[in-house]
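Since the structure comes first, as structure tokens, the remarks are kept for the end.
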């Protein structure tokens with residue numbers, strides 16, 4: 001008589017774009033019994049339990065930025081005035097560009113499958129000259145393949161201009177004043193590429 005029993009706990013798998021979470025993988029409790037066989041009988045039992053988790057994640061991150069920012073002030077004219085004071089006062093010219101770009105993320109949480117299985121092999125009560133063989137193999141394997149492809153191209157132009165004011169040909173006893181504000185150009189660019197994370201946690 002040959003008996004083979006195995007108790008399985010089924011795995012549950014869920015996946016989403018940013019998070020792949022795998023529940024505990026398959027575990028097998030195996031019982032093998034070779035008993036009560038006749039004389040000169042040959043009895044072979046071969047059992048292989050495979051627990052395999054394969055995860056493949058890919059990120060493709062292509063970014064193209066073409067940004068132009070311009071600020072101008074000035075080019076005012078106060079010409080050919082006759083009498084009194086002449087005054088030109090322009091404000092500031094400021095150009096600020098801020099760019100923040102973040103790529104996608106791959107996150108995998110894999111229970112390690114460290115729980116020990118319970119295996120029982122019994123060979124008993126067989127007849128004379130019987131040949132009884134039992135082979136039991138348990139194999140657990142975790143594989144995670146993650147790949148990122150990143151391509152970034154950026155063209156950023158920021159200009160700030162002030163001035164080019166004119167106060168010509170004025171005829172008066174008063175003062176002629178031309179005042180221009182400051183010219184400022186600031187560019188801040190931050191690009192964060194995709195991130196791959198694999199967490200193998202005990203259970």
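Here are the criteria: (1) modelled with pLDDT of 85 or more; (2) touching a strand residue (DSSP E or B) at 6+ places or on another chain (Cβ under 8 Å); (3) farther than 30 Å from residue 54 by Cβ. Tell me which single one residue 174 does not satisfy.
(1)
Out of all the residues in the stretch 151-162, is one or more exposed (fewer than 15 other Cβ atoms within 10 Å of the Cβ) and either at pLDDT below 80 or under 30 Å from residue 31 (Cβ atoms) (or both)? Spell out how you get there, then give the answer.
Taking the stretch 151-162 as the starting set, the residues that turn out to be exposed (fewer than 15 other Cβ atoms within 10 Å of the Cβ) are 151-157, 159.
Checking which are either at pLDDT below 80 or under 30 Å from residue 31 (Cβ atoms) (or both) leaves us with none.
Taking every residue of the stretch 151-162 in turn, none turns out to be exposed (fewer than 15 other Cβ atoms within 10 Å of the Cβ) and either at pLDDT below 80 or under 30 Å from residue 31 (Cβ atoms) (or both).
List the strands (runs of 3 or more DSSP E) that sit entirely inside the stretch 68-166 and contain at least 2 residues that are more than 48 Å from the chain's Cα centre (by Cα) and over 30 Å from residue 201 (Cβ atoms).
Details: elements: 86-89, 93-102, 105-111, 119-124, 131-161.
In the stretch 68-166, 86-89, 119-124, 131-161 are the strands (runs of 3 or more DSSP E) which contain 2 or more residues that are more than 48 Å from the chain's Cα centre (by Cα) and over 30 Å from residue 201 (Cβ atoms).
If a residue must be surrounded by 13 or more Cβ atoms within 10 Å (Cβ to Cβ) and either part of a loop (DSSP other than H, G, I, E, B) or under 53 Å from the mean Cα position of the chain (by Cα) (or both), how many such residues does the stretch 167-190 contain?
If we filter the stretch 167-190 for residues that are surrounded by 13 or more Cβ atoms within 10 Å (Cβ to Cβ), which is where we start, we get 167, 170, 176, 178, 180-181, 183-185, 187, 189.
Next cut, either part of a loop (DSSP other than H, G, I, E, B) or under 53 Å from the mean Cα position of the chain (by Cα) (or both) only: 167, 170, 180-181, 183-185, 187, 189.
Final tally of qualifying residues: 9.
The values are calculated or read from the model by the stated rules, or taken from the named source; none is laboratory data. Nothing here was measured: the structure is a model prediction, and the numbers come from that model. Positions of Cβ are backbone-derived with ideal geometry, glycine not excepted, and every protein chain shown enters the neighbour counts.
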